[in-house]
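J.: Structure below; questions to follow.
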Amino acid sequence: MSENKAVSDLQLNSVVTPEVARTYLINVAETLNNLVIPQLEGQARARAHDCLRVVSRLISNSTISDQTMALLKRNPVDALIVGDAVENANAEGVAYLAAIKSAPPAAARSFDHLALEAYLRQHPLGGEGVRITQSRLLAGGRSKITVLISQQGARDLPADFVLRQDWVNSPTGKPVAIEFELLQRLHAEGVKVPKPLLLERSPDVAGGAFMMVSRQPGVPSGDHFMSLPGSERPIMQIAEQLGLIHGLQTAEFERMEGVVETNYTAAQLRANVAAYAATIAKLDTASSPMIDHAIAWLDSNADRVATAPRTLVHGDFGFHNSLVDGDELSVILDWELVHVGNPAYDLGYFRHGVTDNAVWARFMQHYKAGGGPDFDPEFVEYYTLFTGIWYHQIQLQVRSALMAGAIHDMEITALCADFAPMVLASISRTLHRIAQR
């Protein structure tokens, strides 16, 4: 995979217009006001209010009416002396904040725990004595509604479990039903996944199909695939788990709902690269020679990577989808993008977060020790670039939905505003590694 063209002069563009920025800020303000501040006390609450005021001031600067703006432009000195324009601008920003409601908008995440309680009272695992004592929406899981449930009185359910529910605004659109049977099989194979407890396919019970799984100890070590733990131990444990997953026979998994082959053959890769390029051309606010170069390189190198072994692929593999308990990997989560394909896909996706080449070499040693198959290590570079372009076009799609009001969600906002630039930087690093070979 030699690359003769230098990429040092390729332009990296990620333009955020004032309208986009205002949408991001509105989601931040509403999340602070409705979800974060009510859970805080003392100095933490006071500081969060300070943050809200700063954000609201920024919003007020982008919500000035045409009438006020005309006054400022017509005679800015007199306007500032009299104070009319500034007062109007402040009033318009404050009016927005006053309109923030505690009830989530239609496009936001919500969960009806009373409906779940009624359902469990009729279910064999629950019974008439079930009482839900807590239901708390959890951060993470950008494509699902994830809820921590505590209950008392069930016949055959743990006191605490996790509910994963389909969300109408999911960027991927994959239902929980795809995950449930898969988790049953993976759990039996010794993969560190939550124990599946119950699957409800009907959307009529609680507003969407859902599954219930065991609650595992630990916390996410990062909120996306570019964040790694401070200790290497769980990093190498996840390498061994990935080797175990890629060493499993695929025949049984391919009989399961929603587990199909993708991103494996040259034709599949080229078709997806073309689709990503079309989305980027339609939705990006500025052209980027870097992105154009990456897309052309992916298309021209698709034939070679199609020679790798065919394995089960997680599809969204990283520490954002795992829990770490101390220095121990506890569980691997979120299998909604599972498919059969090239094992280098998972490795390339994870590679975004590992910039240290020595750490990566040790990671691959543990991967092989866990049962991972042999293939050309340069295939990983292909899928690092491929997944970067996939992510870039996904965030452009969800950003458009945010702007249209079709999604109202802080996690999606953070994904676009904070994480997307990191992906662009990773694409640049990957192109430089390729060029140096």
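J.: For residues that are surrounded by fewer than 16 Cβ atoms within 10 Å (Cβ to Cβ) and among the hydrophobic types (A, V, I, L, M, F, W, C), scanning just the stretch 217-255, find the one that is modelled with the highest pLDDT.
T.: Of everything passing the filter in the stretch 217-255, 251 is modelled with the highest pLDDT.
J.: So, one more: Taking the conditions exactly as written (surrounded by fewer than 18 Cβ atoms within 10 Å (Cβ to Cβ) and in contact (Cβ under 8 Å) with a residue 60 or more places away in the chain), does residue 359 satisfy them or not?
T.: Yes, satisfied.
J.: Quick one: is residue 110 of a type in the set (S, T, N, Q), under 30 Å from residue 252 (Cβ atoms) and assigned to a loop (DSSP other than H, G, I, E, B)?
T.: Judged against the criteria, residue 110 is not a match.
J.: Separate question: So if I check each of 150, 202, which one is over 27 Å from residue 311 (Cα atoms), among the polar types (S, T, N, Q), modelled with pLDDT of 90 or more and out of contact with any strand residue (DSSP E or B) (no Cβ under 8 Å at 6 or more places or on another chain)?
T.: One residue alone meets the criteria, 202.
J.: Can I ask one more? For the stretch 144-238, give me every one of the strands (runs of 3 or more DSSP E) that falls completely inside it and has 2 or more residues that are under 25 Å from residue 109 (Cβ atoms) and charged (D, E, K, R).
T.: Here the list reads 160-166.
J.: Inspect the stretch 175-189 for any residue being on the phi > 0 side of the Ramachandran plot and outside the structural domain of residue 392 (by TED's automatic domain parsing) and give the result as yes or no.
T.: Checked the stretch 175-189: no residue is on the phi > 0 side of the Ramachandran plot and outside the structural domain of residue 392 (by TED's automatic domain parsing).
J.: Residues being over 20 Å from the mean Cα position of the chain (by Cα) and farther than 15 Å from residue 228 by Cα: count how many of those fall in the stretch 326-343.
T.: Residues meeting the conditions: 4.
J.: Six or more apart or on different chains, Cβ atoms under 8 Å: show the pairs whose first residue is in the stretch 135-159 and more than 18 Å from residue 216 (Cα to Cα) and aliphatic (A, V, I, L, M) and whose second is at pLDDT 85 or above and part of a loop (DSSP other than H, G, I, E, B).
T.: So the pair list comes out as 154/125; 154/126; 154/127; 154/129; 154/130.
J.: Give the residue that is modelled with the highest pLDDT, with candidates limited to residues of the stretch 353-385 that are β-branched (Val, Ile, Thr) and part of a loop (DSSP other than H, G, I, E, B).
T.: Within the stretch 353-385, the match that is modelled with the highest pLDDT is 354.
J.: So in the stretch 300-320, with the set limited to residues that are modelled with pLDDT under 90 and in contact with a His (Cβ under 8 Å, 6 or more places away or on another chain), which one is surrounded by the most Cβ atoms within 10 Å (Cβ to Cβ)?
T.: Only one residue fits best here, namely 318.
J.: Go through the residues of the stretch 401-423 one by one and say whether even a single one is touching a residue at least 60 places away in the same chain (Cβ under 8 Å), closer than 28 Å to residue 303 by Cβ and in the same structural domain as residue 292 (by TED's automatic domain parsing).
T.: So far as the stretch 401-423 goes, yes, one or more of its residues are touching a residue at least 60 places away in the same chain (Cβ under 8 Å), closer than 28 Å to residue 303 by Cβ and in the same structural domain as residue 292 (by TED's automatic domain parsing).
J.: Oh, and also: Give me the pairs, please: first residue somewhere in the stretch 226-243 and without any contact (Cβ under 8 Å) to a residue 12 or more places away in the chain, second residue anywhere and among the small types (Gly, Ala, Ser) and surrounded by 20 or more Cβ atoms within 10 Å (Cβ to Cβ), beta-carbon distance under 9 Å, and either six or more positions apart or on two chains.
T.: From residues that are without any contact (Cβ under 8 Å) to a residue 12 or more places away in the chain, the pairs are 230/221.
J.: If you scan the stretch 386-408, which residues turn out to be within 23 Å of residue 429 (Cα to Cα) and either out of contact with any helix residue (DSSP H, G or I) (no Cβ under 8 Å at 6 or more places or on another chain) or not in a helix (DSSP H, G or I) (or both)?
T.: 394
The values are calculated or read from the model by the stated rules, or taken from the named source; none is laboratory data. Keep in mind that this is a model prediction, so the values were computed, not measured. Virtual Cβ from ideal backbone geometry, glycine too; neighbours counted across all protein chains shown.
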